[in-house]
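Let me begin by presenting the structure, written as structure tokens, before commenting on it.
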Amino acid sequence: MTIVTHDQTNTDTSPVAVKLGRSPHHVAIIMDGNGRWAKQRGLPRSAGHRQGTENLRRILRAAVEFDVKVLTIYAFSTENWSRPRREVSLLMRILEMVLDRELKELNENGVQIRHIGEMDGIPDRIQKKIKEACELTRNNNELILNVAFNYGGRDEIVHAVQNIIRDGVSAEDVTEEMISNYLYTGGLPDPDLIIRTSGEFRLSNFLIWQGSYAEYYYSDVYWPDFDKEEFRGALEDYANRRRRFGKTDEQIDEDTV
Ligand code: FPP
């Protein structure tokens, strides 16, 4: 996979391109609708996941081009284990295939891969590949790609609390910032924009702590068809929003003077 970095030949001066100067720093995506995309075409669900994987490559390129700095993708939730065994195996194989086939180019294009989620439960062979990919790319800084795999937001908070207790932190010393730092995303900024495709309006246990002040964008388009232009549309929508973080409009005006 070749990722096009900031395209010097881009002469697109449309309002959208101008507004993309205000790209969200951290975008998180719930890549939903692979199964329905396949069903609509009379294909097996596996075809939807494969096409969804192809689309992920497109969106990764677009994220770099649009100057997104952190991209978090929801690839496998702690709840997805309840899917048919064949589908679970396929999703494991897809992750392995992505790591085998794409790692070299992702690394060459400055993508830093991080895993967020629980390692326990993932087959040992794949755990090893995840760790190797994270280690190989740890100093890259073009784009941080958080792969949420065997991830659940509640599970993440439980682990954080367990670790805080294990570290002997006293109750009075527990702060929001501390909890944030104990999460899998510790050290990274919270998502600015969370996108969900396929017309579903749910968070499904994704970044439930980190998403407190995120902007949400829902698209009816199934993930395999959520292409660069759809992504651009989501970023444009974000650029037009006014984030208040609990403040009044007047306060925001004063802050930006
Ligand atoms: C939701 O669609 C999608 C998933 C559970 C898996 C997402 C995986 C990919 C896009 C492939 C890339 C994966 C990795 C591991 C890098 P769904 O199956 O719930 O669709 P449906 O709601 O239409 O049935």
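The values are calculated or read from the model by the stated rules, or taken from the named source; none is laboratory data. Keep in mind that this is a model prediction, so the values were computed, not measured. Note that each Cβ is placed from the backbone with ideal geometry, even for glycine, and that neighbours are counted across all protein chains shown.
So the values come out like this:
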| item | result |
| --- | --- |
| Residue in the range 197-214 that is in a loop (DSSP other than H, G, I, E, B) and out of contact with any strand residue (DSSP E or B) (no Cβ under 9 Å at 6 or more places or on another chain) present | yes |
| From E236, E254, E250, E230, residue being within 22 Å of the chain's Cα centre (by Cα), without any contact (Cβ under 8 Å) to a residue 40 or more places away in the chain and not in a loop (DSSP other than H, G, I, E, B) | E230 |
| Residues that are part of a strand (DSSP E or B) and either within 8 Å of the ligand (Cβ to nearest atom) or farther than 23 Å from K228 by Cα (or both), drawn from the range 35-85 | I73, Y74, A75, F76, S77 |
| I94 vs. criteria among the aliphatic types (A, V, I, L, M), within 12 Å of the ligand (Cβ to nearest atom) and part of a helix (DSSP H, G or I) | yes |
| Some residue of the range 97-114 being more than 15 Å from the ligand (Cβ to nearest atom), at pLDDT 95 or above and among the basic types (K, R) | yes |
| Filter result for Y213 (surrounded by fewer than 15 Cβ atoms within 10 Å (Cβ to Cβ), touching a Phe, Trp or Tyr at 6+ places or on another chain (Cβ under 6 Å) and aromatic (F, W, Y)) | yes |
| Residue within the range 110-123 that is in a helix (DSSP H, G or I) and of a type outside the set (S, T, Y) present | no |
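Let's see how each residue does on (1) free of Cβ contacts under 8 Å to residues at least 40 places away in the same chain; (2) in contact with a strand residue (DSSP E or B) (Cβ under 8 Å, 6 or more places away or on another chain); (3) surrounded by 20 or more Cβ atoms within 10 Å (Cβ to Cβ):
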| residue | (1), (2), (3) |
| --- | --- |
| M119 | yes, yes, no |
| R125 | yes, no, no |
| I130 | yes, yes, yes |
| N141 | yes, yes, no |
| N146 | no, yes, yes |
| Y151 | no, yes, yes |
| D155 | no, no, no |
| V158 | yes, no, no |
| R166 | yes, no, no |
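Table: residues versus (1) in contact with a helix residue (DSSP H, G or I) (Cβ under 7 Å, 6 or more places away or on another chain); (2) within 24 Å of L188 (Cβ to Cβ).
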site	(1), (2)
I208	yes, yes
G211	no, yes
Y222	yes, no
E250	no, no
E254	no, no
